[in-house]
Amino acid sequence: MSPATVAVIAHRKKTLGGGLDELRRLITDEGCDTLLWYEVSKSRKAVKKARRAREAGADLVFVWGGDGMVQRCVAALAGSGTAVAIVPAGTANLLAANLGIPQDIAEAVRIGFHGPQRKLDLGKVNGEHFAVMAGAGFDAAMIEQADRKLKDQFGRLAYVWTGLRHINDDAVPVKIKIDGTKWFQGEASCVLLGNVSTITGGIRAFDDAKPDDGWMEVGVATAEGALDWARTLGRMAAGRSDRSPFVQITRAKAVDITFGAKVRYELDGGSRDKARRLKARIDPGALILCVPEPA
């Protein structure tokens, strides 16, 4: 039985296959009583559209774009009971890739209408939800400088290019509490919070992460300079990032991070204003996502 009300929230600058015309045709072929259609020019404008779809009683929301679009939409739909389907039309489609949703419009639509609906956790940092990861330090600086033009031109390699500019950045003093207990105190070049295993640039940072286990992965890197980062990224490429001498990893329900100075942070690849403190927690089962059938 098709959902009565379907909404599409699309980043009009993103392209995939036959574009939004093909998406509309495929959705209407599936059948629904009402189709709500919203297009935005920037991902941050998607929040109002997602809220509008929620208020209109949408049973299923298709999100066309990358992780930034998905993050903005799920933040607005978290806990609503509205199912979300991803059409991965962005440069970075980490949530889709981690869950096996292909960059194929027809298959993404089929999954939306006929795939299993899975309850997934969301992280929450300073009051805002994320689905994939949050980071501060090296990670956030790398993402901030990978602007739209660079990503459109080089894709994921844009993050490699900007990352090389920051491998010699100074570490900053950091204090991290895990579920109320001091876990780390010292200088760190990067702090990561993860909900899935593979993060920006296709790096497998959290080998044991699961998006529905009720836990948030926490990582801190103390690498400084090209040699340290080469060893750290080499360990990640080999498949066990927690074996690097410059990485500590744990998991938590709640995380309180205090930096010695204000730092830029990011959520799902979207840069945020600088902050000196990040308060994070896991929000179990907050998202209903349409996913492929298990292999």
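The values are calculated or read from the model by the stated rules, or taken from the named source; none is laboratory data. What you see is a predicted model, and the numbers here were worked out from it, not measured in a lab. For neighbour counting, all protein chains shown are included, and Cβ atoms are generated from backbone atoms with ideal geometry for every residue, glycine included.
Checking each residue in the range 47-67 for being under 19 Å from residue 283 (Cβ atoms) and surrounded by 23 or more Cβ atoms within 10 Å (Cβ to Cβ) picks out 50, 61, 63, 67.
Please go through the range 33-56 and give me each residue that is under 18 Å from residue 290 (Cβ atoms) and touching a residue at least 40 places away in the same chain (Cβ under 8 Å), ordered by number. Answer for the range 33-56, where residues must be under 18 Å from residue 290 (Cβ atoms) and touching a residue at least 40 places away in the same chain (Cβ under 8 Å): 50, 53.
Quick check, is residue 262 at pLDDT 95 or above, in a strand (DSSP E or B) and over 30 Å from residue 107 (Cβ atoms)? Taking the combined requirement at face value, the residue does not satisfy it.
For the range 43-65, check the following and say yes or no: at least one residue is among the hydroxyl-bearing types (Ser, Thr, Tyr) and over 23 Å from residue 270 (Cα atoms). No, there is no match, as no residue in the range 43-65 is among the hydroxyl-bearing types (Ser, Thr, Tyr) and over 23 Å from residue 270 (Cα atoms). Cβ-Cβ distance below 7 Å, separation of 6 or more or different chains: which pairs start in the range 69-83 with a residue that is not assigned by TED's automatic domain parsing to the domain that holds residue 271 and end on one that is buried (at least 24 other Cβ atoms within 10 Å of the Cβ) and polar (S, T, N, Q)? Hits for this filter: 69/43; 72/43. Would you be able to say whether some residue in the range 85-95 is in a helix (DSSP H, G or I) and either at negative phi or among the small types (Gly, Ala, Ser) (or both)? Yes, there is a match, as at least one residue in the range 85-95 is in a helix (DSSP H, G or I) and either at negative phi or among the small types (Gly, Ala, Ser) (or both). Scanning the range 84-122 for residues that are of a type in the set (Gly, Ala, Ser) and either free of Cβ contacts under 8 Å to residues at least 24 places away in the same chain or surrounded by 22 or more Cβ atoms within 10 Å (Cβ to Cβ) (or both) gives 85, 89, 90, 92, 96, 108, 112.
This table checks each residue for (1) on the phi > 0 side of the Ramachandran plot; (2) modelled with pLDDT under 90; (3) β-branched (Val, Ile, Thr).
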site	(1), (2), (3)
103	no, no, no
106	no, no, no
127	yes, no, no
144	no, yes, no
